[in-house]
Amino acid sequence: MKKILIILSLLAFSSCGGPPGINNEIRIKWSEPTDGAPVSYYILEVTGANLVKSYETYTTFYDLEIVPGIVYTARVAGVGSDMAMGIYSETSKPFKLTP
């Protein structure tokens, strides 16, 4: 059986929250792979105040509980229908919501 790696593009962070301390959230978005095996779901790792691992079927993730002043990074890997996990993307550039 030939194993095909799923390589994803680099992540993008954006702030979509309200005033400091109220509804602080970030959106993390990535692109689907353009070749290789189809993706069944993604494993998203977000580091910051805590390490968060999320299993996503879409290419956008919203974190509604970020802490202003904390530096966040993320990386993502795809998992194929055969349950084979691709390699993780490069770690995103650091993102910090300023208070």
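The values are calculated or read from the model by the stated rules, or taken from the named source; none is laboratory data. The model shown is predicted, which means the values in this text are computed figures rather than measured ones. Backbone-built Cβ (ideal geometry, glycine too); neighbour counts: all protein chains shown.
Scanning the stretch 68-90 for residues that are among the polar types (S, T, N, Q) and under 14 Å from the mean Cα position of the chain (by Cα) gives T73, S89.
When T73 is tested against (1) exposed (fewer than 15 other Cβ atoms within 10 Å of the Cβ); (2) modelled with pLDDT of 75 or more, just one condition goes unmet, and that condition is (1).
In the set (1) touching a residue at least 60 places away in the same chain (Cβ under 8 Å); (2) part of a strand (DSSP E or B), the condition left unmet by S92 is number (2). If you filter the stretch 38-54 down to residues that are assigned to a loop (DSSP other than H, G, I, E, B) and either modelled with pLDDT of 75 or more or not hydrophobic (A, V, I, L, M, F, W, C) (or both), you find that the one that is surrounded by the most Cβ atoms within 10 Å (Cβ to Cβ) is G48. When F61 is tested against (1) aromatic (F, W, Y); (2) modelled with pLDDT of 85 or more; (3) in contact with a Ser or Thr (Cβ under 9 Å, 6 or more places away or on another chain), exactly one condition is not met: (2).
Just checking, does the stretch 71-85 include any residue being in a loop (DSSP other than H, G, I, E, B), in contact with a Lys or Arg (Cβ under 9 Å, 6 or more places away or on another chain) and acidic (D, E)? Spell out how you get there, then give the answer.
Step one: list which residues in the stretch 71-85 are in a loop (DSSP other than H, G, I, E, B), which gives 81-84.
Now narrow it down to the ones that are in contact with a Lys or Arg (Cβ under 9 Å, 6 or more places away or on another chain): 82, 84.
With the extra rule that they be acidic (D, E), the set shrinks to 82.
Within the stretch 71-85, one or more residues are in a loop (DSSP other than H, G, I, E, B), in contact with a Lys or Arg (Cβ under 9 Å, 6 or more places away or on another chain) and acidic (D, E).
With the structure loaded, tell me whether A84 is under 17 Å from V39 (Cβ atoms), in contact with a Gly (Cβ under 6 Å, 6 or more places away or on another chain) and among the hydrophobic types (A, V, I, L, M, F, W, C) or whether it fails that test. Here the answer is no, as A84 does not meet what is asked.
When the residues of the stretch 29-63 are narrowed to those that are in contact with a Phe, Trp or Tyr (Cβ under 9 Å, 6 or more places away or on another chain) and among the aromatic types (F, W, Y), which ends up nearest to M83 (Cα to Cα)? Filtering the stretch 29-63 for residues that are in contact with a Phe, Trp or Tyr (Cβ under 9 Å, 6 or more places away or on another chain) and among the aromatic types (F, W, Y), the one nearest to M83 (Cα to Cα) comes out as Y41.
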